[in-house]
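The numbers here are math on the coordinates, done by the rules we state, and not lab data. Treat the numbers as computed from the prediction; the structure is a model and nothing was measured. Cβ: placed from backbone, ideal geometry, glycine included. Neighbour counts: every protein chain shown.
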Amino acid sequence: MSQYAHPEVLVDTEWLVNHLNDKAVRIVEVDVDTGAYDLGHIPGAIAWAWTTQLCDTVQRDILPKEQLEALLSKSGVTRDTTIVLYGDSNNWFAAWAFWQLKIYGHKDVRLLNGGRKKWLAEGRELTDQMPSYQPTNYKAEEPDLSLRAFLPQVLEAVKKGQTALVDVRSPQEFTGEILAPPGLPETCQRGGHIPGARSVPWGKACNDDGTFKSFDELKALYGAEGINGHGPVISYCRIGERSSHTWFVLKYLLGLQNVTNYDGSWTEWGNLVGVPVERGAAKAVSA
Amino acid sequence: MTGEATASGRSEHFSERQIELNGWPVRLTSYRVGEKYVCQADNISPGACLARFSAATAEEAEAQAISKARHLLGKTKRHDV
């Protein structure tokens, strides 16, 4: 992990084993499948449900500041706590939580490299015990919106053509062949992608064991699509969570300075009247 | 997501394999925890959980996960591009 721009944001399973009883560390499981935690989880871990606890459940938005403060307070987290996030599907939604915690200025947030999958594959200890922690009075910072892209910025990016757009959905979603991931409900009126976007499915950043690919592999993967840190980058997917995983990779593992996550993503763009849409495969990267 | 089981112990017999259902690649992840066997079916790209079941045997858990995943994938429409 040492080659990464910010290796301190990753811990491996061995590190976590040695910190299971560390009072300065709070372990949080965030899964795509919100019931997975109940089947057995890392001892001492609490769970956050992305469907109800990591979003505004009234209007479409990330977690409001006050609700984030309440969640962290209930979780026994202080400003000095090291939060280690892990989850299923290669930390897909753990990265979503990471992104929001960074927006609200929590300093020490880390991902368990390999997530729940690696922990299970290594035959490590699981428990059904639900821990409880002494509540705190957590105060978050004002949101850092430099980590987040909104529709006007994406429209501007398309118009000027100076920002790299990374579509991290599956190739079939990118071309417009399907309007949602296979087996999930369609959530847009039109299929395709934002004009000029490059297709780099989020899962390509991971090895078979769920860990992140090496710095050199990641650099080659994104570099081949012209994403090399020479300009701003906006990642997007369907609802903004897969793209938070790619945002994490680009910003923390490769060290790109200007990366934002467009969480409106295709469920916003693909439902808008009058915005440009491209279908089919991406055009070749210009030299 | 039914047949919830809770247990303490270590995960055992972790395995993954890929199959095809209704023309879509699906990853089956199986393991045992305590007295229960768990099987989860994901659409490989993007990797979202389609179904997860736990049961007293690995075969039962897998059969239920495949059945539900097949049902969901059967609803996916392919559009002309």
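Here the protein assembly as shown is treated as a Stokes sphere of Kirkwood radius computed over C-alpha pairs; at 4 °C and 1.567 mPa s its diffusion coefficient rounds to 62 µm²/s. From helices alone, chain A scores -7000 deg cm²/dmol at 222 nm; the rule is -39500 (n - 2.57) for each run of n ≥ 4 DSSP H residues, then divide by the residue total. Taking the charge dipole of the range A:196-287 about its Cα centre, with +1 at Lys and Arg Cβ atoms and -1 at Asp and Glu Cβ atoms, the residue from A:L272, A:G210, A:L254 reaching farthest to the positive side is A:L272.
Counting only lysines at least 8 places from A:K74 when in the same chain, those with an alpha carbon closer than 22 Å to its own are A:K23, A:K65, A:K102, A:K107, A:K139.
Of all DSSP bridge pairs formed entirely within the range A:148-269, close to 10 percent run antiparallel.
Counting neighbouring beta carbons within 10 Å and listing from fewest to most, the residues B:S67, B:S11, A:S170 come out as B:S67, B:S11, A:S170. The ratio of the alpha-carbon radius of gyration of the range A:148-269 to the globular-protein estimate 2.2 N^0.38 Å is 0.99. Neighbours of B:R32, meaning other residues whose beta-carbon lies under 10 angstrom from its beta-carbon, give a summed charge of 0 when Lys and Arg score +1 and Asp and Glu score -1. Computed over chain A with a Gaussian network model linking Cα atoms closer than 10 Å, the most mobile of A:S73, A:S132, A:S235 is A:S132. Sorted fewest first by neighbouring Cβ atoms within 10 angstrom, B:K75, A:K74 come out as B:K75, A:K74. Under a model in which nothing but the beta-carbon of Lys, Arg (+1) and Asp, Glu (-1) is charged, chain B shows a dipole of about 240 debye around its Cα centre. Averaging the sequence gap over all C-alpha pairs within less than 8 Å and six or more residues apart, then dividing by the number of residues, gives chain B a relative contact order of 25 percent.
With each label modelled as a point 7 angstrom along the Cα→C-beta vector, the B:E16-B:T57 pair spans 2.7 nm. Here the dipole of the protein assembly as shown is about 760 debye; that uses its Cα centre as origin and unit charges on the Cβ of Lys and Arg (positive) and Asp and Glu (negative).
Modelled label positions at B:H71 and A:D216, each set 7 Å beyond Cα in the direction of Cβ, lie 4.9 nm from each other.
Note on the range A:45-125: percent of Cα-Cα distances in each 10 Å bin, starting at 0 and stopping at the bin with the largest distance, equals 17, 51, 27, 5, 0.
Take each residue in B:69-78, count the other chain C-beta atoms within 10 Å of its C-beta, and the mean is 4. In summary, the lysines within cross-link reach of A:K159, defined as a Cα separation below 19 angstrom excluding same-chain residues under 8 places away, comprise A:K283. For the range A:11-101, applying the loop criterion from DSSP together with a ceiling of 11 other beta carbons within 10 Å to the chymotrypsin sites (Phe, Trp or Tyr not before Pro) yields no site.
Taking other C-beta atoms within 10 Å as the exposure proxy, B:R10, A:R148, A:R116 rank B:R10, A:R148, A:R116 from fewest upward.
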